[in-house]
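Shown next, in structure tokens, is the structure this report addresses.
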Amino acid sequence: METIKIKVSEKIRDKVLSLLQQFDKEDLQVIENELHFGFSEPELQNEYQKLNSGKTKTYSLEEADEILEETIKRYEIE
């Protein structure tokens, strides 16, 4: 299947959806608005696999804050 995007005004949205629903579900699938966070699904799956495999290091907020503070101190002008 191919994916296309169509912008539809609210006043005709129901009519368009009604028309599209007349097609066989194997031929046409309506995908409602999806949230997009700037990553593709393969990218997210790759990062998830790395996380589960132990190849990545995670930090708590406190640990990350400490690392950033130490880095800032190294570059501050005295």
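No lab work stands behind these numbers, since they all come straight from the coordinates. Please read these numbers as outputs of a predicted model, since none were measured by experiment. Cβ placement follows ideal geometry from the backbone for every residue including glycine, while neighbour counts extend to all protein chains displayed.
When the dipole is taken about the Cα centre of the chain, and only Lys, Arg (+1) and Asp, Glu (-1) are charged at their Cβ, what size is it in debye, to the nearest 20?
460 debye
Only one of the values (1) 13.6, 44; (2) 14.4, 46; (3) 23.1, 71 was calculated from this structure for Rg and Dmax of the Cα atoms in Å; name its label.
Recomputing Rg and Dmax of the Cα atoms in Å here gives the entry labelled (3).
In degrees, nearest 10, range 0 to 90: what is the angle between the Cα axis of helix 61-75 and the longest Cα principal axis of the chain?
Computed tilt is about 60 degrees.
Across the chain, how many lysine pairs, 8 or more apart or on two chains, come within less than 19 Å at their alpha-carbon atoms?
Final tally of qualifying lysine pairs is 4.
Once fully extended, how much extra length lies between residue 18 and residue 56, figured as 0.36 nm per residue of separation less the alpha-carbon to alpha-carbon distance?
Between residue 18 and residue 56, full extension yields 9.0 nm more.
Charges on Cβ only, +1 for Lys and Arg, -1 for Asp and Glu, centred on the Cα centroid of the chain; of 33, 49, 19, which one is farthest towards the dipole's positive end?
So the residue we want is 19.
Using only Cα atoms, tell me the angle between helix 10-20 and the longest principal axis of the chain; keep it within 0 to 90° and round to the nearest 10.
70 degrees
How long is the gain from residue 7 to residue 40 if the chain were fully straight, where each residue apart is worth 0.36 nm and the alpha carbon distance is subtracted?
9.8 nm
With angles folded into 0 to 90 degrees, how steeply does helix 41-53 sit against the dominant principal axis of the chain? Use alpha carbons for both and round to 10.
With both axes taken from Cα atoms, the answer is about 40 degrees.
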